[in-house]
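For reference, the structure is listed below as structure tokens.
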Amino acid sequence: MTLFYIETYGCQMNKAESSTLVSLMIEKGFCETKDYQEADIVIINTCSVRKTAENRVFGRLGFFKRQKRFRPLDIVVMGCMSQRIGEQLINSHYGIDFVVGNFNKEKIPELLLHKRKGEKGLFIEENTVIFPDPFPEESNPAKAFVTISHGCNNFCSYCIVPYLRGREVSKNSADIIKDINRLTSLGVLQVTLLGQNVNSYGLDKHDIDFPDLLKMIVKETDLKWIKFMSSHPKDFSDKLIDVMATEDRVASWVHLALQSGSDRILELMNRKYTSGDFKEIVRKLKSSIPEIALTTDIIVGFPGETDKDFNDTLDMIDFVQFDDAFMYKYNERDNTLAHKEWVDDVPDKEKVARLSKLIDIQRVINHSRREQRVGKVYEVIPERLSQDGSGKVLGVAREEFMVLYDGSEDDFGKIVNVKTTAANGSSLVGVKV
Ligand code: SF4
């Protein structure tokens, strides 16, 4: 029995792709282990969006290289780092056996099955995108991710993704329906549709657009909850807001990446919307869907960001009252327009200070948003027993926040109603009703 261990870095799409790879490996007779010490194969699914993510992977590669000195171990590196610096990785001192880029991942089980002793390989050609079959999440089989588009056409000036995942390709709507029907037959209650920009789904194929895809899923499947990410504000249409407001099974949660509240910085970022456009979307969402939860991504310290620009971002988070936010310091990525055109001129000390101020303010908003939800009844999909041994269950709401409630393992695989009784940090506490 050959055991493999997989480590995943980066976005939800990487997590979905790792989960699919696990299932494909198992189909080929490999067994997954959660303990790298007993693994015969280590697979690292990498991210290149930030330097810090790459540095962590280099640290792990050094660690596994040392393991390889004492026992036979195959090392596979896949994902965006493979696409970006595949040649460098395969020729490095880390002892990597296969480097597999974003267009060749489905080859991995076969490569490992037929691997000869000492064989090495680099597979980073930009082939036709193959959308592999999605599977229920390992950690919660009531949930799954379905990738509906691959790549991105937007070229935000700071972002390396279009250079590593190529131009946007949408999956056929009929195949998405087939995937979801297969997943619901396996007990999946919630699917999160994934794409770098789900709102431009279908535009490359002149197939149906994203709001019509949501309506089609509602009509042609029994899926209970439909979630999606990420949304680009420039493509977030009134038609989509109408579908969200009228179709109960489309969850009341939007991850809408703001990146900056300053119009000047948004223009330099090539985001193609203004702070006014963003506010307008938020106003419409809140008035059409009162329970809507909004989450976002924000970058601080973009080249040339002044105190005034940063204050515009603070004003925006005060206006929107996001339920949660992922906040980062800008770091340069090779080949991007920002790297070529502008000096990374905000001192690191200043970036750290702005980031920590932003995090502190958002933490207060997170808590206040949770408090506003106390005393209401929410539908929840149970995730796991809480780790404190209290026997409580941690679940995820339609609005994507976490709820800890008195429940039992019998709840798994069902949607339960929970009345919230208190806000606890970034989650809520409640009782089953
Ligand atoms: S929309 Fe912008 S930030 Fe998102 S993947 Fe595309 S280029 Fe990157």
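The values are calculated or read from the model by the stated rules, or taken from the named source; none is laboratory data. This is a predicted model, so every value here is computed, not measured. Glycine also receives a Cβ, built like all others from the backbone with ideal geometry; neighbour counts cover every protein chain displayed. Heavy atoms of the whole protein, side chains included, go into the accessibility calculation; ligands, DNA and RNA do not. Shrake-Rupley method; radii C 1.70, N 1.55, O 1.52, S 1.80 Å.
What the table shows:
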| read-out | value |
| --- | --- |
| Segment A422-R116, length gained on full extension (0.36 nm per residue, minus Cα span) | 104.4 nm |
| Region 276-433, relative contact order in percent, only Cα pairs under 8 angstrom and at least six apart counted | 18 percent |
| Per residue, in Å², the accessible surface of region 3-123 once ligands and nucleic acids are set aside, probe 1.4 Å | 43 Å² |
| Total formal charge among the other residues, if their Cβ is under 11 angstrom from that of R56, Lys/Arg +1 and Asp/Glu -1 | +1 |
| With every protein chain in place, the chain: carbon and sulfur % of accessible area (1.4 Å) | 51 percent |
| Stretchable slack from N311 to D277, in nm (0.36 nm times residue separation minus alpha-carbon distance) | 10.4 nm |
| Under 5 Å, built H, 5+ apart or other chain: amide partners of F145 | F135, E137, T192 |
| Rh by Kirkwood over Cα pairs, then Stokes-Einstein D for region 3-123 at 0.890 mPa s and 25 °C, µm²/s | 173 µm²/s |
| FRET efficiency, 1/(1 + (r/R0)^6) with R0 60 Å, evaluated for V343 and S408 via beta carbons | 0.55 |
| Contour excess over end-to-end distance, with Cα ends at N270 and K205 and 0.36 nm allotted per residue | 21.0 nm |
| Modelled FRET efficiency - R0 25 Å, I359 with E332, Cβ distances, 0.05 increments | 0.70 |
| Cα-Cα over 28 Å, subset of K279/K308; K117/K171; K205/K272 | K117/K171 |
| Fraction of antiparallel bridges per DSSP, region 143-372 only, in percent to nearest 5 | 10 percent |
| Hits among lysines - C-alpha to C-alpha of K392 under 28 Å, sequence gap 8 or more where chains match | K15, K34, K143, K224, K227, K376, K414, K419, K432 |
| I415/E27 FRET efficiency (R0 41 Å; Cβ-Cβ; nearest 0.05) | 0.85 |
| 5 Å binning of all Cα-Cα separations within region 377-432, expressed as whole percents from 0 upward | 5, 24, 37, 26, 8, 0 |
| Heavy-atom accessible area per residue - region 293-418, 1.4 Å, Å² | 47 Å² |
| Kirkwood estimate for region 143-372, i.e. one over the average of 1/r between Cα atoms, Å | 18.6 Å |
| Computed magnitude of the charge dipole of the chain (debye, nearest 20; Cβ of K, R +1, Cβ of D, E -1) | 740 debye |
